[in-house]
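The values are calculated or read from the model by the stated rules, or taken from the named source; none is laboratory data. Being a predicted model, the structure only gives us computed values, none of them experimental. All Cβ positions, glycine included, derive from the backbone under ideal geometry; neighbour counts span all protein chains shown. Ligands, DNA and RNA are excluded from the accessible area calculation, which covers all protein heavy atoms including side chains. Shrake-Rupley method; radii C 1.70, N 1.55, O 1.52, S 1.80 Å.
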Amino acid sequence: MTGNPMGSLPSGLGICTTAPDIFYLPELVFGGLVWILVASTHVDPPNPLGWVMFVSVFCFVMTFLWMIIFAAGGHKNSSGWAAADFAYHGLAAFFYLSAAVDLAYITFLKKDGSEYRIYQIDIAAVVFAYVATLLYFIHVILSSIRWKNF
């Protein structure tokens, strides 16, 4: 599965064939789905759902920028970038876990009082938020192994 040894950072299309960088695209897809699904409904109540929107937009933009930096080789195979990759994905996993729990709780509270179509969209958003959490968590574990082997 890996084109590069775990102790180096890929660049170019190598990010599509190496662990943990192969997770960039699924993180973008599932994070983008959370963003789209939550934004397609009325963001009510604004406080917890505002946090979910912040997390999904922040992680989408940062993961996209991170992927571009890695694809362009901007990391110059530095161990500092391996540590930063571990730190960012750890933060993203923590953020997504908190957002997924908030979203699940709000969806649970709305099960009797909202339109059924909106409820189904919220359930889909909860599922995708937990999938995004899992992807970021796997990415952080593999990033920590890579950082350790640097």
Among Val55, Val61, the single one that is open to solvent by less than 60 Å² (accessible area, probe 1.4 Å), free of Cβ contacts under 8 Å to residues at least 60 places away in the same chain and β-branched (Val, Ile, Thr) is Val55
Which of (1) assigned to a helix (DSSP H, G or I); (2) more than 14 Å from Phe23 (Cα to Cα) is the odd one out, the single condition Lys76 does not satisfy? (1)
From the list Leu97, Leu91, Leu103, exactly one residue is free of Cβ contacts under 8 Å to residues at least 24 places away in the same chain and either assigned to a helix (DSSP H, G or I) or closer than 25 Å to Ala124 by Cβ (or both). Which is it? Leu91
Looking only at region 36-45, decide whether some residue is at pLDDT 95 or above, open to solvent by 50 Å² or more (accessible area, probe 1.4 Å) and more than 22 Å from Arg146 (Cβ to Cβ). yes
Criterion: among the β-branched types (Val, Ile, Thr), assigned to a helix (DSSP H, G or I) and within 18 Å of Asp122 (Cα to Cα) - qualifying residue of Val43, Val61, Val55: Val55
Residue pairs within 9 Å by beta carbon, gap of at least six or interchain, first lying in region 139-150 and within 19 Å of Pro26 (Cα to Cα) and in contact (Cβ under 8 Å) with a residue 60 or more places away in the chain, second open to solvent by 40 Å² or more (accessible area, probe 1.4 Å) and part of a loop (DSSP other than H, G, I, E, B), listed first then second, are Leu142/Met6
